[in-house]
Amino acid sequence: MTKKLFPLLLLLILAQFKAAGQFQEFENYLTFRQLEKAKELIQSEELSALDKKILQGKFYIENYQIDSAFISLLEVDTLQLNQEQKAYYSYYLADAYDQTSEYSLAVDFMTQAQSLYEDLGLKNEANEMNLKIYLTLLSSPFFKGGDISYLENFYEKAKELENYNQLSRAEINLAFENFNPENPFEIIDYFDRAFELSKKSDNKLDQARVLNYYGMIYGESFGITDSAEKYYNQALKIYEEFDDNYKKKPIYILKSNLARAKGDYKESIRMLKIADSIPTYTYKNEMNVSIYQNLANDYKDLEMVDSAYFYMLRYNEARDEINYQKQNVNLARFEAEKKEKENLILNQRNERNRNLLFGMGGLLIGFSLISYLLYINNKKKQLIFEQKEEVNHQKTQGLLNQIKMTTIEGVLKGQEQERKKIASDLHDNLGARLTALRMNFKHLKDQCVNNSELQNPLEKTEQLLEETYHDIRRMSHIQNSGILAKEGLIPAIEKFVEAINSDQLNIEVSHFDKDEKLSNNLEINLFRIIQELTTNITKHAKASEASINITNHEDSINIMIEDNGVGFDTSKIKPHAGIGLSSIKEKVEDLNGSLAIDSYPGKGTTIIIDLPIQ
């Protein structure tokens, strides 16, 4: 019997070692950016379905497809994983949470992976978690400054293991941790040690990483652009060798910074266009946002307005794409967490059932089955009841919203009628009387032309009459601009701006639309919102220049209002402070839109409003 079991046990042991070797082989492929080989390994028939799911999740993370990574990992039944698989699964899931800024969850799974690696005797992998935990805590807003003990542990363990790759990265992070502003060049000593260690590890990508940091320090911190250019070119040469597009792209962005610092905007644009031409991962658009924003600014400095506007549009599109990707990631993450909870509940339920099975006989088993069916039935009834309640709630909420919108429309119509009446009275009655008064006064002044004593008070009185006449005309236009149904929104705004422009404040209006007429109610709302925000600029901003940009998309309209005024600290705005901002925000929310404020003291203010076109 023993002789028959021995070969079977030997096969099981060999299978475990083979699985471990495949995980480490996969990690090596990723380290040296051999993504095609990593992909071939995932598709290998020798891998189990569980191993493929785990490795596929990491492959998605490496390509910054975080939503796909969560979907792949959540399909793994963690109850079936062995210790080796659990270790890598925990690490990869931690990496996914780190990419979505869920730092607390990331650290929890990294700690779990570290414990499993230690139990398996994988000392290098266990030590790797020390650095990852340190960097994650450093990125977290709740752990400002990180926890240097993890970095120190990483360094000491790397020395024990004689792992030159880890020692090189430890020196880099210690350089920034111990940076001394009074002696900034001391950081170069750390980089020199890191570079020598990277040569010992025979890892050219490690060398490229250090060369990149050399370039950043010399260029961004010391302003020694020639040295920075030299190190960037050396790093690029290595990344070209490995065809590592993701690492090449940011170097060209950094090289554009060097050109911009010299005032060479054309060279900066050339570098940025090279960066833009390098293919990158679909889910890593942050670099594209930086590229398009810098291109827009460079073209603006060269006074090439059309090109600047083109890249500003590209910048907005890339930024919107990031927001869309974040929504997908959040949805996938929700599914992953839901799956984890379901697995935990299932595990607890199985444990309880096993205890019942061993502790009680067939009678209790039958009773348990009946109880379980009743429980499921009750849950279904409860679910149906909750769904009905939700449907009723939604119907009620829809009715309330409809009533609210009808009320708002009625109020707006009443306000517009009142404004029409006021504008008409100002123009027809008071305006006509002032015109007659001006004519009579002019006649009186002509009669007193020979009386030198009366000339000065008469001229002052005439000036006051002129100013009063023009003020009433301006008030009439302002009150009536929002209801210019024949002319539309843009002419109304342009007339309004023309009325308030002065030597102290110049406001420009830009619009990009599809020549489509908006509904009267929406145009009235938009005009009143812009009118209130512009009035705020004239009263409070102390600005000399401002702009109103209106873009009409197919299904939405975007309004951006900017000024170069004194600005303010948005973090100090209380929820109900300021009737103007509160009323504007309520109007935007009533129209199912969104309002964002970007302002800093001394830096002006930008307000962006997005509204759907219904």
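Assorted remarks:
- Checking Glu523 against (1) among the acidic types (Asp, Glu); (2) part of a helix (DSSP H, G or I); (3) open to solvent by 50 Å² or more (accessible area, probe 1.4 Å), the condition it does not meet: (3)
- Thr111 falls short on exactly one of the conditions (1) open to solvent by less than 60 Å² (accessible area, probe 1.4 Å); (2) β-branched (Val, Ile, Thr); (3) at pLDDT 85 or above, and that condition is (1).
To keep it simple, each residue is scored yes or no on (1) surrounded by 13 or more Cβ atoms within 10 Å (Cβ to Cβ); (2) within 32 Å of the chain's Cα centre (by Cα); (3) not polar (S, T, N, Q).
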residue	(1), (2), (3)
Tyr134	yes, yes, yes
Pro141	no, yes, yes
Asp147	yes, yes, yes
Tyr164	yes, no, yes
Arg169	yes, yes, yes
Asn173	yes, yes, no
Phe179	yes, yes, yes
Pro184	no, no, yes
Glu196	yes, no, yes
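- Check on Lys58, within 19 Å of Phe26 (Cβ to Cβ), charged (D, E, K, R), open to solvent by 20 Å² or more (accessible area, probe 1.4 Å) and assigned to a helix (DSSP H, G or I): no
- Selection count, segment 216-244, where residues are open to solvent by 40 Å² or more (accessible area, probe 1.4 Å) and closer than 20 Å to Leu35 by Cα: 5
- Total residues in segment 553-565, condition under 24 Å from Thr538 (Cβ atoms) and open to solvent by 70 Å² or more (accessible area, probe 1.4 Å): 1
- Once segment 500-520 is narrowed to residues that are under 22 Å from Ile584 (Cα atoms), hydrophobic (A, V, I, L, M, F, W, C) and over 29 Å from the mean Cα position of the chain (by Cα), the residue that is surrounded by the most Cβ atoms within 10 Å (Cβ to Cβ) is Ile507.
- Qualifying residue in segment 278-290 (condition: under 21 Å from Tyr218 (Cβ atoms) and surrounded by fewer than 20 Cβ atoms within 10 Å (Cβ to Cβ)): yes
So that you can scan it fast, the table gives a plain yes or no per residue for (1) closer than 18 Å to Thr136 by Cβ; (2) touching a strand residue (DSSP E or B) at 6+ places or on another chain (Cβ under 7 Å); (3) modelled with pLDDT under 85:
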site: Gln56; (1), (2), (3): no, no, no
site: Asn63; (1), (2), (3): no, no, yes
site: Asp67; (1), (2), (3): no, no, yes
site: Glu75; (1), (2), (3): no, no, yes
site: Asn82; (1), (2), (3): no, no, no
site: Gln85; (1), (2), (3): no, no, no
site: Ser90; (1), (2), (3): yes, no, no
site: Ala96; (1), (2), (3): yes, no, no
site: Gln99; (1), (2), (3): yes, no, yes
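- Per the listing Asp95, Asp119, the residue uniquely open to solvent by 10 Å² or more (accessible area, probe 1.4 Å), in a helix (DSSP H, G or I) and either in contact with a Gly (Cβ under 6 Å, 6 or more places away or on another chain) or closer than 20 Å to Gln65 by Cβ (or both) is Asp95.
Residue by residue, here is whether (1) modelled with pLDDT under 85; (2) assigned to a helix (DSSP H, G or I) holds:
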{"residue": "Val497", "(1), (2)": "no, yes"}
{"residue": "Gln504", "(1), (2)": "no, no"}
{"residue": "Asp515", "(1), (2)": "yes, no"}
{"residue": "Leu518", "(1), (2)": "yes, no"}
{"residue": "Leu533", "(1), (2)": "no, yes"}
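- Residue list for segment 45-55, filter: open to solvent by less than 30 Å² (accessible area, probe 1.4 Å) and farther than 30 Å from Glu321 by Cβ: Leu47, Asp51
- Which listed residue is free of Cβ contacts under 8 Å to residues at least 12 places away in the same chain and touching a Ser or Thr at 6+ places or on another chain (Cβ under 9 Å), from Glu267, Glu240: Glu267
- Ile548 vs. criteria hydrophobic (A, V, I, L, M, F, W, C) and at pLDDT below 85: no
- Selection over segment 198-229 of residues that are without any contact (Cβ under 8 Å) to a residue 12 or more places away in the chain and among the basic types (Lys, Arg) gives a count of 1.
- Within segment 584-614, the set of residues being acidic (Asp, Glu) and either within 24 Å of Gly565 (Cα to Cα) or within 19 Å of the chain's Cα centre (by Cα) (or both) comprises Asp598, Asp610.
- Tally, over segment 24-37, of residues that are within 30 Å of the chain's Cα centre (by Cα), surrounded by 14 or more Cβ atoms within 10 Å (Cβ to Cβ) and part of a helix (DSSP H, G or I): 3
- Residues in segment 245-265 that are over 29 Å from the mean Cα position of the chain (by Cα) and open to solvent by less than 50 Å² (accessible area, probe 1.4 Å): Gly263 alone.
- Scanning segment 445-495 for residues that are open to solvent by 70 Å² or more (accessible area, probe 1.4 Å), under 30 Å from Ser519 (Cβ atoms) and modelled with pLDDT of 75 or more yields Glu494, Lys495.
- Taking the conditions (1) farther than 30 Å from Leu161 by Cα; (2) in contact (Cβ under 8 Å) with a residue 40 or more places away in the chain in turn, Asn288 satisfies each one other than (2).
- Subset tally (residues that are of a type in the set (Lys, Arg) and over 10 Å from Ala208 (Cα atoms)) for segment 231-250: 2
The values are calculated or read from the model by the stated rules, or taken from the named source; none is laboratory data. The shown structure was predicted, so the numbers you read here are calculated from the model rather than taken from an experiment. As a convention, Cβ positions derive from the backbone with ideal geometry for all residues, glycine included, and neighbour counts pool all protein chains shown. Remember, those area values only see protein heavy atoms, side chains included, never the ligands or the DNA or RNA. Shrake-Rupley method; radii C 1.70, N 1.55, O 1.52, S 1.80 Å.
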